[in-house]
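Read through the structure below, which is laid out as structure tokens, and then see the notes.
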Amino acid sequence: MEFRHASRRSLPRKVVIGRMLRRGLDALVAGSLAMIASGCATMEQPATKLQAVKSVGIISAIGDDFTMTRTGLTAASDADRHASIEVWGIDDMVTARIGAQLGQRFQVQAVTYRRAAFAAGDQASPFTVSRLTSGRDSRIVDLVRGQVSPQGLDAYVVVTKATSAYGSRGRSVGGIGILTHVAMFGSSAQLHALYTVTVIDGHTLKVIDKNTALPVGSSELFRLAGPSRAVADDLLLAAQNPSGSDQLKAAAIDLIDRTLGKTLQDLRLVDRSAS
């Protein structure tokens, strides 16, 4: 007796369609599982690298400069104004805060470095936010290699200024400062403390992980992509001489304090149960 395999043409149309749908569904599920596995591997990689870290050095370079930015159709000038706030001691405070949290897990060692080099940041147009992430990472790695002593710690935690676009024109602001939006029927102002924490392998001098501090619940129409809060006229007036205002200093420190722990947790440097 001769048996013949049924060809696709001899099968009922519903059966053929059903088989095609099952194959497509199987391929979709397989692809989704592969993406999930890849994502898990990506998330686990920094945590795996941190398991070998024992000694850590901390670098902070966000507290040298206060920027006053005006934007809006009726703003008198698009040029930023700058004032020194080094007397606030923000970077020493940040280093101490991070050291206190990391000291529960790592051996925190003091390091020396040229803070101005790390604080200089990337030069970019005020109307664009630089997207050259890999370039920034390379710059920080080069600074750690050439400006930090001692070398050879297991990891370096580097705090640098972050930037954020604002409004429909994409105006860029960064670091610590006040952004004033001037409008026809009123103005508004936001104090911001934008920063990024980068973890660098002290032996390979490669970036292990990085995280930019998130907003703290600002209700502004155009919210910055980082710690910020609305300010009233008293702080806006104090910004004319920021280094002499304890109130303005306290407000900036509060933004950092409210976001630093979460930023370190997201980098897996601090146990979430410790908060």
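The values are calculated or read from the model by the stated rules, or taken from the named source; none is laboratory data. All of these numbers come straight from a predicted model, not from anything done at the bench. Note that each Cβ is placed from the backbone with ideal geometry, even for glycine, and that neighbours are counted across all protein chains shown.
Structure data summary
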read-out: Qualifying residue in the range 127-134 (condition: among the polar types (S, T, N, Q), surrounded by fewer than 14 Cβ atoms within 10 Å (Cβ to Cβ) and modelled with pLDDT of 95 or more); value: no
read-out: Residues satisfying the stated conditions in the range 258-272, i.e. among the acidic types (D, E) and either surrounded by fewer than 16 Cβ atoms within 10 Å (Cβ to Cβ) or not assigned by TED's automatic domain parsing to the domain that holds M93 (or both); value: D271
read-out: Scan of the range 225-275 for residues that are polar (S, T, N, Q), farther than 16 Å from A100 by Cα, outside any helix (DSSP H, G or I) and in contact (Cβ under 8 Å) with a residue 12 or more places away in the chain, ordered by number; value: S228, N241
read-out: Single unsatisfied condition, V53 versus (1) closer than 17 Å to L248 by Cβ; (2) buried (at least 19 other Cβ atoms within 10 Å of the Cβ); value: (1)
read-out: Boolean, A189 is of a type outside the set (S, T, Y), under 14 Å from the mean Cα position of the chain (by Cα) and at pLDDT 85 or above; value: no
read-out: Whichever residue in the range 227-242 is touching a helix residue (DSSP H, G or I) at 6+ places or on another chain (Cβ under 8 Å) and of a type outside the set (A, V, I, L, M, F, W, C) and, among such residues, is surrounded by the most Cβ atoms within 10 Å (Cβ to Cβ); value: P227
read-out: Of all residues making up the range 155-193, the number that are in contact (Cβ under 8 Å) with a residue 60 or more places away in the chain and either hydrophobic (A, V, I, L, M, F, W, C) or surrounded by 19 or more Cβ atoms within 10 Å (Cβ to Cβ) (or both); value: 26
